[in-house]
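Take a look at the structure set out below.
The values are calculated or read from the model by the stated rules, or taken from the named source; none is laboratory data. A quick note: this is a predicted structure, and the numbers were derived from the prediction, not measured. Cβ atoms come from the backbone with ideal geometry, glycine included; neighbour counts cover every protein chain shown. To get the accessible areas, we keep the full protein, side chains included, count just its heavy atoms, and leave off ligands, DNA and RNA. Shrake-Rupley method; radii C 1.70, N 1.55, O 1.52, S 1.80 Å.
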Amino acid sequence: MTTTTNVTAAQAISTTGDEGATGLAAHRSGDDSDDRRLSQLDALEAEAILVIREMAGELERPALLFSGGKDSVVMLHLATKAFWPAPIPFPVLHVDTGHNFPEVLAYRDETVERLGLRLVVASVQDYIDDGRLRERADGTRNPLQTLPLLDAINDNRFDGVFGGGRRDEEKARAKERIVSLRDEFGQWDPKNQRPELWNLFNPRHRPGEHVRVFPISNWTEVDIWRYIDREDIPLAPLYYAHEREVFRRDGMWLAVGPVSQPRDDEPVETRLVRYRTVGDMSCTGAVESPARTNAEIALEVAASTLTERGATRADDRISEAAMEDRKKEGYF
Amino acid sequence: MAATLLRLATAGSVDDGKSTLVGRLLHDTKSVLSDQLAAVERVSRDRGLTAADLALLTDGLRAEREQGITIDVAYRYFATANRSFVLADCPGHVQYTRNTVTGSSTADVVVLLVDARKGVLEQTRRHLAVTALLRVPHVVVAVNKIDLVDFSQEVYERVEAEVRAVARELGVVDATTIPVSALDGDNIAERSERTPWYAGPSLLELLEALPPSDDPAHESFRLPVQLVIRPQGAARDEAHRDYRGYAGQVASGVVRVGDEVVALPSGRRTTVVGIDLGERSLDEAFAPQSVTLRLADEIDISRGDVIAAAADAPVPTQDIEAVVCWLGDAPLRPAQRLLLKHGSRTVQTAVRSLNGALDLDNLHAVPADSLSLNDIGLVTLRLAAPLPVENYSVSRRGGSFLLIDAHDGRTVAAGMVGATLPSGAPAPTEPEGDEEWEI
Ligand SMILES: Nc1nc2c(ncn2[C@@H]2O[C@H](COP(=O)(O)OP(=O)(O)OP(=O)(O)O)[C@@H](O)[C@H]2O)c(=O)[nH]1
Ligand SMILES: [Mg+2]
């Protein structure tokens, strides 16, 4: 089921201009030989804004996936820049596992309020309550998000969904196009992807199909942190070092919480930790870290010997192709 | 200044070692994290291999691992002290050529692999032809599996001469060749002692030394308008109620506040009065920045129009000649109707004539009455509305377009305006060998 909280709907971005008077002549200033090469972050930002604007122009009813996690926050920041000073011309969609970190949910609501966005929530809990989904034996809910996501896309007639997926996260994601077609069942066919040439993006599709759009495909985790630092983007506090009651399971530190209770042989300790990813609280691990600022985190991530998913996600350890299989079914 | 980004794509025939080379480059620059390496070692061990198969670092799909081939492009990232790299590991199999074209269309450098034992194969020619057509700025030829020919200088020189001959016929003059073993790491990150007769740089040294892209100041200013930004009543700040801006990415050149510009295809002139990047105002913007231009006059400009320097704007046209790489499953035929996307505009088009196709054996144009998947051909197109296209040799952005099947929305061709096919006549030798190459 999807619930809708309407804050503002903006009809600010038009694709037609108005007739008007012709202009005055002006002189062109002479060439200078300044170095005009974009830094890596500027090049990544320019590419992401290009993609966001192009899809806003091509698609009729896009939405942006917003979980309150760092990647979706960066994507939202880029969207804000892309349309400034007009508001973001599409709603944000959150697939709520019901296993949230309370800080992340609070951050989500604050951000939606601050930017005047319309939030659509698809709730995994509702599906479990009415029997459309069944809780898994291992209790994790990340894989259960696919059905509510696809239903929300259908019910709202979204023809494109912006996601914060990055190619450096995982080997199946490394194969993704920036604009990636999903069939009428929401499926990804990695063996038959559409060519994607130059900077020309083509999201056309048949009725019932939709596209997933990944504007920050080419960003690495370090790029994300350097950008958050440079742009001074506020994040949920659990990304920064804090003391927390945790216990050890499957080589990860899990927080003590309503959906993650230690077993008898898992002693609870208080440790200085932070989160590299935020997801289903029952299977997302914290990392021990003293990093309290964006700059410290960027350095820590650059020196890390583990990928962010390897360090923090129990559900990705199920099998070699867990992510690929989920993505084929229509996962983010 | 912060590190610049270099985009690399691999090319070459199936099994020539592209994925192994990318894996080796990542491994030897210490860019593989320990859990990724452990996963690759585990899979390699399960298959009875004695060493980690580094191709598994990019061959991440189940079907790729089952068959031991690459099906689609994998993107990987690594950085050295002064450069960041995006590596696009492309497939070699002819069936997946469209994915290889995808990977090389945005590349600054293509690394073309050739198996030292096999020399130039049909796919080597096809990929080199595509690389030349796309005008990828740099080409490196890696003569791979040099370990399997006993590190023989003679074999290397024979293959090198063979590749150079093909490259010359296709108009690629600046290709550098390197003898490598992707499997063992010879001449990949460091120079190998096993090829003492080779005095050149390792692949990594070469990549780090490639000159950066040209300064956009040498190009003409163009900006395809993606959106007209008019917040009106929805403005979050009252001060922006009357804001009107034209959003897009600077495709080429530089634009400054005060410049006179022209909107195309209308031809109306005006002056740039402001340049915004988010809430920051800039004095100038240059390619490839994504910005919003404010103009002195309220002239008619919509999404799909191009804002260009008034002094040297392109002339919109409805008739174009272009080379296309055909990527559709169904063939291209004369008189066919399609959609054409150029910049941010999509228009209808009809194929007026098919003027020839590239014969990959003899490397020259031959008559053709249709183009099949992976063929390269020369076409004349009639557009339903005039577009300010440019010659691809002058501007990669202004001269590139997609052909799209209107029925199902698929992208069926990559097009390059004004490009030509080799005539079969011996290529003229370049008087000054400075990166000029023509196909
Ligand atoms: N002896 C030797 N074997 C190599 C070398 N490079 C690659 N190979 C082997 O050649 C086979 C094919 O290597 P890949 O890296 O998968 O080839 P590829 O070019 O990526 O193949 P596709 O992507 O399917 O076109 C594998 O068995 C590699 O181990 C080399 O330098 N020496
Ligand atoms: Mg491969």
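Tabulated data for the structure shown
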item: Filtered residues of the range A:176-213 (kept if open to solvent by less than 10 Å² (accessible area, probe 1.4 Å) and of a type in the set (Lys, Arg)); result: A:177, A:182, A:212
item: Qualifying residue in the range B:305-312 (condition: assigned to a helix (DSSP H, G or I) and more than 9 Å from chain A (Cβ to nearest Cβ)); result: yes
item: Filter pass, residue B:101 being within 13 Å of ligand 2 (Cβ to nearest atom), within 24 Å of residue A:171 (Cβ to Cβ) and buried (at least 24 other Cβ atoms within 10 Å of the Cβ); result: no
item: Residues satisfying the stated conditions in the range A:50-65, i.e. part of a helix (DSSP H, G or I) and in contact (Cβ under 8 Å) with a residue 60 or more places away in the chain; result: A:50, A:51, A:52, A:54, A:55, A:58
item: Scope the range B:331-343; condition open to solvent by 10 Å² or more (accessible area, probe 1.4 Å) and under 22 Å from residue B:223 (Cβ atoms); matching residues; result: B:342, B:343
item: Unique match (being at pLDDT 95 or above, hydrophobic (A, V, I, L, M, F, W, C) and closer than 18 Å to residue B:61 by Cβ) among A:197, A:181; result: A:181
item: Checking residue A:129 against (1) over 30 Å from residue B:325 (Cβ atoms); (2) buried (at least 22 other Cβ atoms within 10 Å of the Cβ); (3) over 18 Å from the mean Cα position of the chain (by Cα), the condition it does not meet; result: (2)
item: Residue B:359 vs. criteria away from chain A (no Cβ under 13 Å), open to solvent by less than 50 Å² (accessible area, probe 1.4 Å) and of a type in the set (D, E, K, R); result: yes
item: Residue A:86 touching a residue at least 12 places away in the same chain (Cβ under 8 Å) and within 28 Å of residue B:243 (Cβ to Cβ); result: yes
item: Residue ranges of strands (runs of 3 or more DSSP E) in the range B:235-296 with at least 2 members of a type in the set (D, E, K, R) and at pLDDT 95 or above; result: B:268-277
item: Out of B:315, B:255, sole residue that is open to solvent by 50 Å² or more (accessible area, probe 1.4 Å), under 26 Å from the mean Cα position of the chain (by Cα) and among the β-branched types (Val, Ile, Thr); result: B:315
item: Condition check for residue B:24: away from ligand 2 (no atom under 16 Å from the Cβ), charged (D, E, K, R) and more than 22 Å from residue A:44 (Cβ to Cβ); result: no
item: Test: residue in the range B:37-55 that is more than 17 Å from residue A:191 (Cα to Cα), buried (at least 24 other Cβ atoms within 10 Å of the Cβ) and either at pLDDT below 95 or not hydroxyl-bearing (Ser, Thr, Tyr) (or both); result: yes
item: Test: residue B:9 is within 14 Å of ligand 2 (Cβ to nearest atom), open to solvent by less than 20 Å² (accessible area, probe 1.4 Å) and within 26 Å of residue B:166 (Cβ to Cβ); result: yes
item: Criterion (basic (Lys, Arg) and either assigned by TED's automatic domain parsing to the domain that holds residue A:76 or surrounded by 21 or more Cβ atoms within 10 Å (Cβ to Cβ) (or both)) met by exactly one of A:248, A:263, A:230, A:173; result: A:173
item: Any hit, the range A:132-143, residues being in contact with a Lys or Arg (Cβ under 8 Å, 6 or more places away or on another chain), hydrophobic (A, V, I, L, M, F, W, C) and either outside the structural domain of residue A:257 (by TED's automatic domain parsing) or within 21 Å of residue A:310 (Cβ to Cβ) (or both); result: no
item: Restricting the range B:313-353 to residues that are more than 21 Å from residue B:94 (Cβ to Cβ) and in contact with a Gly (Cβ under 6 Å, 6 or more places away or on another chain), the residue that is nearest to the other protein chains (Cβ to nearest Cβ); result: B:344
item: Residue A:78 in contact with a helix residue (DSSP H, G or I) (Cβ under 6 Å, 6 or more places away or on another chain), at pLDDT 95 or above, closer than 30 Å to residue B:306 by Cβ and not basic (Lys, Arg); result: yes
item: Residue selected from the range A:140-170 under the condition charged (D, E, K, R) and outside any loop (DSSP other than H, G, I, E, B), by the criterion surrounded by the most Cβ atoms within 10 Å (Cβ to Cβ); result: A:167
item: Residues being open to solvent by less than 10 Å² (accessible area, probe 1.4 Å) and aromatic (Phe, Trp, Tyr) - total across the range A:53-89; result: 2
item: Selection count where residues are within 21 Å of residue A:200 (Cβ to Cβ) and out of contact with any Phe, Trp or Tyr (no Cβ under 8 Å at 6 or more places or on another chain), scope the range A:54-81; result: 4
item: Conditions (1) touching an Asp or Glu at 6+ places or on another chain (Cβ under 7 Å); (2) closer than 30 Å to residue B:374 by Cβ; (3) more than 9 Å from ligand 2 (Cβ to nearest atom): number failed by residue B:52; result: (2)
item: Residue list for the range A:89-103, filter: at pLDDT 95 or above and more than 10 Å from every other protein chain (Cβ to nearest Cβ); result: A:90, A:91, A:92, A:93, A:94
item: Matching residues in the range A:41-52 - criterion: being within 17 Å of the chain's Cα centre (by Cα) and either open to solvent by less than 10 Å² (accessible area, probe 1.4 Å) or among the basic types (Lys, Arg) (or both); result: A:44, A:45, A:48, A:49, A:51, A:52
item: Candidate set from the range A:308-327 (those that are open to solvent by less than 20 Å² (accessible area, probe 1.4 Å) and within 8 Å of chain B (Cβ to nearest Cβ)); member that is modelled with the lowest pLDDT; result: A:311
item: Residue B:279 being at the interface with chain A (Cβ under 7 Å from one of its Cβ atoms) and open to solvent by 20 Å² or more (accessible area, probe 1.4 Å); result: yes
item: Scope the range B:283-312; condition surrounded by fewer than 18 Cβ atoms within 10 Å (Cβ to Cβ) and free of Cβ contacts under 8 Å to residues at least 40 places away in the same chain; matching residues; result: B:283, B:297, B:300
